[in-house]
Amino acid sequence: QEEIQEVKEEGNLEGLFNSLDKIVEEAKNQEEPAWRPSGVPEEDVRSALLPYLLKHRSYLRRILKEKEEENRTVAESVLAGRERIAELQRLIQARKRAWQ
């Protein structure tokens, strides 16, 4: 009896048993079974990572669309600027010829 008491005190078994009882009590309220590894690491990792990767892919696609729209706007602005430069060059040439 005395040895058992010493082991309980050394290993803090009473506290561990209390925490185990608490875990068991909390598990009674769960409707779904707890997750257990399948034994195939690739499948276990895939099931954990797949939702994250799908969410990240969706985020990247949204960012890509935004950047493509931004690039399209900038390209239109550049083309408009080039047209304005060409127009100004024609105007300069016309005034230069008129001045000469």
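The values are calculated or read from the model by the stated rules, or taken from the named source; none is laboratory data. If you're wondering where the values come from, they're calculated on a predicted model, not measured in any experiment. Positions of Cβ are backbone-derived with ideal geometry, glycine not excepted, and every protein chain shown enters the neighbour counts. Remember, those area values only see protein heavy atoms, side chains included, never the ligands or the DNA or RNA. Shrake-Rupley method; radii C 1.70, N 1.55, O 1.52, S 1.80 Å.
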Would you point out the residue of the stretch 1-44, among those that are open to solvent by less than 80 Å² (accessible area, probe 1.4 Å) and part of a helix (DSSP H, G or I), that is modelled with the highest pLDDT? SER19
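Can ALA98 be described as exposed (fewer than 10 other Cβ atoms within 10 Å of the Cβ) and either in a helix (DSSP H, G or I) or touching a helix residue (DSSP H, G or I) at 6+ places or on another chain (Cβ under 9 Å) (or both)?
Here the answer is yes, as ALA98 does meet what is asked.
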Report yes if ARG90 is out of contact with any strand residue (DSSP E or B) (no Cβ under 9 Å at 6 or more places or on another chain), part of a helix (DSSP H, G or I) and modelled with pLDDT of 95 or more, otherwise no. yes
